[in-house]
Structures are given as structure tokens and as C-alpha cells.
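Before any comments, here is the structure.
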Amino acid sequence: MSGAIDAVAAPPRPARRPLFWVSLSIVAAWALVALLAPILMPHDPTDFVSDDPFAAPDRIAWLGTDYLGRDLLARLIGGAQITLAMAFLATLLASLLGGTLGLLAAIAGGWLDAVLSRIVDIVLSLPKIIVGLVVVAAVGPSMAALIAIAGVVYAAGVFRIARALGADIAVLDFILAARARGEGARWLVFGEILPNIVMPLAADFAIRMSFAILFMSSLSFIGLGVQPPRADWGGLVRENLSALSAGSWAPIFPALAIASLAIALNLLVDAVGDRRQAVRARDE
Amino acid sequence: MHPVLRFAIGRLGVALMILVAVSLLIFIGCEVLPGDVAQVSLGQFATPESIRALHQQFGLDRPAGLRYLDWLLGILRGDWGMSITTRVPVSRLLAERLSNTARLAGITTLVAVPLALMLGLLMALRAGGRFDRVASIVVLALSATPEFLIGTLAVLIFSVKLRWLPAVAHVSNGAGLLQFARALLLPIGTLAIVVTAQIARMTRATIVNQLDSPFIEMATLKGVARRRIVLVHALVNVVGPVANVVALNIAYLVSGVVVVETIFAFPGVARLMVDAVQARDLPVVQACAMVFCFAYVLLILAADLLSVVFNPRLRRVARVRGAGA
């Protein structure tokens, strides 16, 4: 291809290199906060540290207090643990379910592929938040329900990608050779195809985790997710929403936390994609 | 028959089938799963007799299959059943709220789509340039920002600190146009920011992708000016995919609407549904879910049709597929 076209499609982007490191550190920092939450919390997130709701930040409560006079920072750290754990589990569930079924559909073809693909078509043609609302209406709000809903709903998207990636590879010679050797479906999926599509699936995992965070936070924000006294970040925004009229920043902090993590995950995948493109361009 | 028409009819059939499947899923979700409506609606101290009476009143004692058919036929007649908590026909509740939500989503679309297309085009025009690099990052970041951050920040700045706009979007029936506009400015702005970011991002990607194709290379080699390549050669070919992107993103508005109606206490369908879920008023939940799914499926159908209508090559695919079906 001519140089002019390449410059358009994959321009050298030195400015994005720092973006990679910034976004990676944000994701890593939140992951650390979630893992070390019990150590990092300055107070118990359910303890009342002040008589004043929505007190301004001071030396005891660095981010001020929430609507009941609890330490907002402690609740934010506790929320990080809940939010990240739920999103990670849901995305893991989605990836395992969607990835396995997608690859199976790709190598099996036939009626199995047809049936699974139709089911996925239906799931993808439903607005996710509405599915969440209907299921919550039926089984009541709980963390397990939230993880299960997000896991199943996002599995449909993973299925599409895994099936497409798998179908591209399933026609290559080494798969043909493996089939000729008489390998079973399990080896074909996990031994031959999976190692070749790990990178795109990992990128998809990060993006999907950011979707899961937004999805679950939204449900908690409208009051149908994690129930008090526990709260994920979305729940914290909801709890403290009434502080807005007093001009307090209490609901803004958890909302910023969600945004920072979701944005960092997206920028990270974007930057890694650029890097891979850059590497490829150099190889050529 | 014209292949596009045949494709359209085929897709319409698929959409109808999906809607029927969805209605079945919604019904099963609400009826078969645990959680008795009557128990919840009557509270903890309900006697078995009063629960049975309520079951009879709402026909809950009949077999589920029969009730599903009744419900589905009722929807076709415009009869969505009775709200269990308010004892009002669901259709009346829906009618009040539907126009509000439609207005919210409609005006957001009118604001966001032209803005997003212009932004996406500008970015693609100088892909890799400084403006594109900065705008790409901003747009990616905004598309991953939850509506409730933008919404709460907007309330804090414009209603609490500056006192320009109301924090709560109360829309009374006799409200004048100005009051209506003031009430809706923050909700629409919040929704429009996220939707604009998403559409702009995908529009840019579509155009840049198009610029990578051989016929553009040919035009470049011929010595056609860059601006002309983008505006004339590439643009005709991206109308389809971009129309697809726009329709899909309007469909994504559904989740934004749910959050934004909650932040601003906006009297729309989403708010109705959230309240009904909290009260476990299942007929209302079912009706709202059907309304949202209907709009969603319709928009995705529109996205599919638009991309076929504008793409001659897909039209050929449509012909093959139509013949095969």
C-alpha cells in the first residue's frame, strides 16, 4: 500500500504512549485499592464518624461524610472492592460462557451453531438495562443476581466475537491437520484455537468489564442493584444524591471513580491496539 | 419483487419473531420466577384469603399459558392490563409517560446526531492530526463516562452553584414552551453528550476505514485533493454504515434514558418502570419492558435496512439471502 494511505490509517502517535501508562496506572491503582481495601480503609465504612451529614472534608474524614455522617473515603474504598469484584466476576462469567460457546459454534457449525446464534441474536436485540430491570423485578435485587444478569447478557457479545475469530481460524491448515489427527472438540477449542485469539479476547475483556461496571453502577444508581448498608460506587452516588442541593461534592466522588476506571480501561485497550499497529507497521 | 423490499420483509419477519420471543421471555421472567405479586402488593400481614381473592381478581389462578395468550392478545388491542398497586389501567399510565420520554429522546437525537456527524467528519478529515488526536481521546473518554456523573455535575454547576436551571425536570401539562425547554435542558444535555461522543467516534472510524480502501488509493494516486476524496469519494460510501451507527446509538439511548429520568425525576416511561420494579407491579413492568424492547428492535431493524439501502453490494447479498430464505 502507498505511504500516503498508511499515514491516514495508522499514523505514528507518540502522544499516545504516555496515555498507555496513565491509563494502566489508573486501572492498576483501583485494582490495588480493591484488593487492599481492608487495610486502606481509615474507618469502618458503616461507622458514624460525625454527627453532621455531608460534612466538609476534614482531618478525620478526608472526603467529608455521607448522608448519615459516615466516612465517605472509607465507603468509597469499600465500594471499589464491591464494584471491581462484581464487574470482574460478571465479565469472567461472560467470557467463559460466551467464549466457550462461540468457539464451539465455530468449529461445530451445523444446527448447534444455528441455534446458539439465533439465541444470541435475541439476547443482543434486547436493551440490557431493561433485561436487568425485568429480572430484578422477578427475583429481587441482590449482588448475585446482578452478576448473573451482566454475565449472561454480555456473554452474547463475547459469543459473536469468539465465533467470528474462531471461524476465521477454523479453516486454516493447522486446524485441518488437528481434525485429521482425530482431535476432539475440547482440544480444538482450548488447544488449537484459543491460544491464537487470546489477545483480541483480552482486549474485549477489558472493554466489556468497563461496560459491566457502567451497567451495574446504573442499576445500583436507580436503586435496584446492591442494597444498603452495602454500596458499590453506583449505590454511593444514589445515597448521596440529595447532597447536591447543598452544594456538596459527596455524590461526585463515587461518580468520578466509576468514570476514571471505565475511561482508563477504554484508553488502555485503545493504546494497546495502537501499539500493536505500530509494531506491525515496523515489521512490514 | 425488488430485492431490497424482499430483504426488508424478511427482516421485518425476523423482528416480529424476536418481539414474540421477547414477550415470552418477559412474561416468563415476571410470572414463573419466585416472588408472588399478590403477597408483595398486600404486604406482610395479608391473609391467605385476601391473597386468593386478589389472585382471582387479576386472574392469576388460571394456567400461565392461557394468561400469556390473553396478555399478548390484550397488547394487540391496546389493553395492557391493570396496575396492581395503583389499580389504574396500564395503558393510561403509559400514555401519560410515553410522550414525555419520546420528546426527551427525540430532541436529544435532533441535537446529538448533526453535532456528532460533523465532529466525526472533522476528525476523519485530518485523521492523525492534532485535532483528531485530542478529540479522539476526549470522545472515547466521554463515551465511557456514566450519565450520572455528567448529570450530577451539571446539576451541581448549573442548578446549585449558578442557579440557572431547575435541578428537577417537572413538566406540568399546562407548562409553556419556555418552561418546558428550561426543564429539559439539563436532561437533554446530559444524554446528548454521551450519545454525541459515541456516534462521533464510530463515524470517524467508519470514514477512516473507508479511506483505507483501494478506490481511495486510486483517487489519491490520480492526484485528487484530500478534502475532495473525503467529501465526495468516501462520503457516498459511508452513508449506509453511518446511518447504521446512528440508529444503533438511538437504540442505546434506552439505558441513558433510564438513568437520566432518575437523576432529574423526569416523568417518563423509564421512571414509571423503575418505580414499578420497586413496587413489584409486574403488569406495569411487563408493559414498559415491551415498549422499550419494541422501540429497540424497531431501531435496530431500521439500522439494518438503512445499511442495505445505501450499500449496493449488500443489496446483492440481500438478493442472495432473500432467494435463499
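The values are calculated or read from the model by the stated rules, or taken from the named source; none is laboratory data. Just so it is clear, the structure is predicted and the values come from calculations on it, not from any experiment. Note that we place each Cβ from the backbone using ideal geometry, even for glycine, and neighbour counts take in every protein chain shown. These accessible areas exclude ligands, DNA and RNA; they are computed on the full protein's heavy atoms, side chains included. Shrake-Rupley method; radii C 1.70, N 1.55, O 1.52, S 1.80 Å.
Kindly provide the helix-only [θ] at 222 nm of the protein assembly as shown, computed as the sum of -39,500 (n - 2.57) over DSSP H runs of four or more divided by all residues, to the nearest 500 deg cm²/dmol?
On the way: 24 runs with 437 residues, N = 609.
One gets -24500 deg cm²/dmol as the mean residue ellipticity at 222 nm.
Given +1 at the Cβ of Lys and Arg, -1 at the Cβ of Asp and Glu and no other charges, the dipole of the protein assembly as shown around its Cα centre is 2020 debye to the nearest 20. Distance between the modelled labels on A:ASP52 and A:ALA185, one decimal in nanometres: 6.5 nm (7 Å Cα→Cβ projection).
For A:136-146, what's the mean count of beta carbons from other chains sitting within 10 Å of each residue's beta carbon? Walk me through the numbers before you get to the answer.
Values: counts 6, 20, 13, 4, 6, 2, 0, 0, 0, 0, 0.
If you average over the peptide's residues, the count of other-chain Cβ atoms is 5.
Estimate the FRET efficiency between A:ALA177 and A:ALA108 by the formula 1/(1 + (r/R0)^6), using the beta-carbon distance for r and 25 Å for R0, to the nearest 0.05.
Result of the calculation: an efficiency of 0.85.
Measuring with a 1.4 angstrom probe and ignoring ligands and nucleic acids, B:LEU298 comes out at about 90 Å² accessible. For segment B:95-311, the residue among B:ALA95, B:VAL269, B:PHE180 whose Cα projects farthest onto the positive side of the dipole built from Cβ charges is B:PHE180. Rounded to the nearest 0.05, what FRET efficiency is calculated for A:ASP168 and B:ARG62 with R0 set to 56 Å and r the Cβ-Cβ distance? E(calc), rounded to 0.05, equals 0.65.
If the segment from B:ILE157 to B:ARG182 were pulled out straight at 0.36 nm per residue, it would be longer than the present Cα-Cα gap by 7.5 nm.
Among the residues of segment A:246-275, which ones have their accessible area go down by 10 Å² or more when all the protein chains sit together, as opposed to their chain alone (1.4 Å probe)? Listed by number, the residues meeting the 10 Å² cut-off are A:GLY247, A:TRP249, A:ILE252, A:ALA255, A:LEU256, A:ILE258, A:ALA259, A:ILE263, A:ASN266, A:LEU267, A:ASP270. When the alpha carbon coordinates of the protein assembly as shown are projected onto the principal axes, the ranges are 78, 64, 60 Å, largest first. Under the convention that each Lys and Arg Cβ holds +1 and each Asp and Glu Cβ holds -1, the size of the dipole of segment B:213-297 around its Cα centre is about 540 debye.
With the Cα gyration tensor of segment B:95-311 giving a ≥ b ≥ c as the square roots of its eigenvalues, does the rule (a/c under 1.5 for rounded; else a/b larger than b/c for prolate; else oblate) give rounded, prolate or oblate? Write out the running numbers ahead of the final one.
Working: a/c = 2.75, a/b = 1.77, b/c = 1.55.
It comes out prolate by the Cα gyration axes.
Summing Cβ point charges (Lys, Arg +1; Asp, Glu -1) relative to the Cα centre of segment B:95-311 gives a dipole of roughly 780 debye.
What does the structure give for B:149-160 when I average, per residue, the other chain Cβ atoms found within 10 Å of the residue Cβ? Before the final figure, lay out the partial values.
Numbers: counts 12, 2, 6, 13, 7, 0, 4, 8, 0, 0, 2, 6.
Counting Cβ atoms of other protein chains within 10 Å of each residue's Cβ and averaging gives 5.
Label-to-label distance, A:SER245 versus B:LEU231, with points set 7 angstrom from Cα along the beta-carbon direction: 5.2 nm. Peptides B:283-291, B:138-146, A:170-178, ordered by how many other C-beta atoms sit within 10 Å of their residues on average, highest first, read B:283-291, B:138-146, A:170-178.
Distance between the 7 Å Cα→Cβ label points at A:ILE39 and B:LEU12: 6.5 nm. Projecting the Cα atoms of A:LEU201, A:ILE149, A:VAL134 onto the charge dipole of chain A (Cβ charges, centred on the Cα centre) puts A:LEU201 farthest toward the positive pole.
For segment A:55-95, which trypsin sites (Lys or Arg not before Pro) pass both filters: DSSP loop (anything but H, G, I, E, B) and at most 14 other C-beta atoms within 10 Å?
Those satisfying the criteria are A:ARG59.
Electrostatic bookkeeping for B:ARG201 treats Lys and Arg as +1 and Asp and Glu as -1; over the other residues with beta carbon under 13 Å from its beta carbon, the sum is -1.
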